[in-house]
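Engineer: The structure is given below, and queries will be raised subsequently.
The values are calculated or read from the model by the stated rules, or taken from the named source; none is laboratory data. Every value quoted in this text rests on a predicted model; they were computed, and no experiment measured them. Here the Cβ positions follow ideal geometry from the backbone for every residue, glycine too, while neighbour counts run over all protein chains shown.
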Amino acid sequence: MTSRTQVSTRRRRNSSGTQWIELALVLLPTMAILSGFFDVTFAIFNWTVIQNAVREGCRYAVTFQTTGGMGQDASIGQTVMNMSMGLLPSGTPIDSTNSGQLSITINYYTELNPNTVIAPPSGNTPGNIVEVSVVNYNLQWMVPIAGTIINPYRSQAPATINVYARDVLNGYPAGVTGVAR
């Protein structure tokens with residue numbers, strides 16, 4: 001009985017601190033996996049919200065409605081921003097040239113030539129195709145653990161989200177003969 005007690009005491013004395021090493025070896029990968037789940041979930045949430053906002057903007061475009069005395073493009077852009085749950089900052093530009101910055105893009109195409117954009121001020125006539133998109137939305141990680149030892153945080157967004165929605169413009173509402181773009 002005494003030899004077991006001595007071995008047990010000696011073993012405890014020689015193995016002190018190993019539980020902290022084991023905890024670190026288990027806890028660090030577990031936290032990395034959990035933060036990865038959060039980041040992927042947040043990325044999917046951002047993409048879904050912005051895709052829904054673009055679809056709502058496209059639905060709004062089909063009806064030829066305008067709000068507050070704005071033209072159709074500005075009204076569509078405002079609808080997209082309103083539906084984005086605050087993910088798109090107010091004042092996000094409406095740009096048809098895709099300049100490389102975050103922007104809401106609204107383009108019109110004819111059914112006969114769906115690859116050539118119709119230049120403003122025309123294009124928003126019944127029968128044409130409207131494309132509403134949000135381009136160059138920078139995704140930021142919730143837990144920025146990637147990078148280098150010197151600079152552990154990323155200076156750039158790790159991914160960019162671009163979403164598009166297209167539909168054919170319906171006829172004008174009753175009593176309307178045209179809508180300013």
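Engineer: Go through the range 63-77 and count every residue that is crowded, with 16+ Cβ neighbours inside 10 Å and either of a type outside the set (S, T, N, Q) or modelled with pLDDT of 90 or more (or both).
Structural biologist: Residues that pass the stated criteria total 8.
Engineer: I've got another one for you. Condition test on Glu56, is it at pLDDT below 90 and of a type in the set (Asp, Glu)?
Structural biologist: So Glu56 does not fit the description; no.
Engineer: Also, I was wondering about something else. Of (1) crowded, with 18+ Cβ neighbours inside 10 Å; (2) more than 25 Å from Val168 (Cβ to Cβ); (3) at pLDDT below 85, Ser96 satisfies all except one. Which?
Structural biologist: Ser96 satisfies all of (1) crowded, with 18+ Cβ neighbours inside 10 Å; (2) more than 25 Å from Val168 (Cβ to Cβ); (3) at pLDDT below 85 except (2).
Engineer: Looking at the range 49-65, I want the residues that are under 18 Å from Pro89 (Cβ atoms) and have a partner that is crowded, with 18+ Cβ neighbours inside 10 Å and aromatic (Phe, Trp, Tyr) with Cβ atoms under 8 Å, at least 6 apart or on another chain. Which pairs are those?
Structural biologist: Ile50/Tyr137
Engineer: Quick check on Gln140: is it at pLDDT below 70 and either polar (S, T, N, Q) or farther than 30 Å from Met31 by Cα (or both)?
Structural biologist: no
Engineer: If you check Ile50 against the conditions, is it farther than 18 Å from Val168 by Cβ, aliphatic (A, V, I, L, M) and in contact with a Phe, Trp or Tyr (Cβ under 7 Å, 6 or more places away or on another chain)?
Structural biologist: In short, yes.
Engineer: Show the residue pairs meeting these rules: Cβ distance below 7 Å; 6+ apart or different chains; first residue within the range 105-118 and closer than 9 Å to Val132 by Cα and buried (at least 18 other Cβ atoms within 10 Å of the Cβ); second residue of a type in the set (Ser, Thr, Tyr) and modelled with pLDDT of 90 or more.
Structural biologist: Cβ pairs passing all conditions: Thr105/Ser133.
Engineer: Can you pull out the residues in the range 121-135 that are modelled with pLDDT under 90 and out of contact with any Phe, Trp or Tyr (no Cβ under 9 Å at 6 or more places or on another chain)?
Structural biologist: The one that is modelled with pLDDT under 90 and out of contact with any Phe, Trp or Tyr (no Cβ under 9 Å at 6 or more places or on another chain): Pro121.
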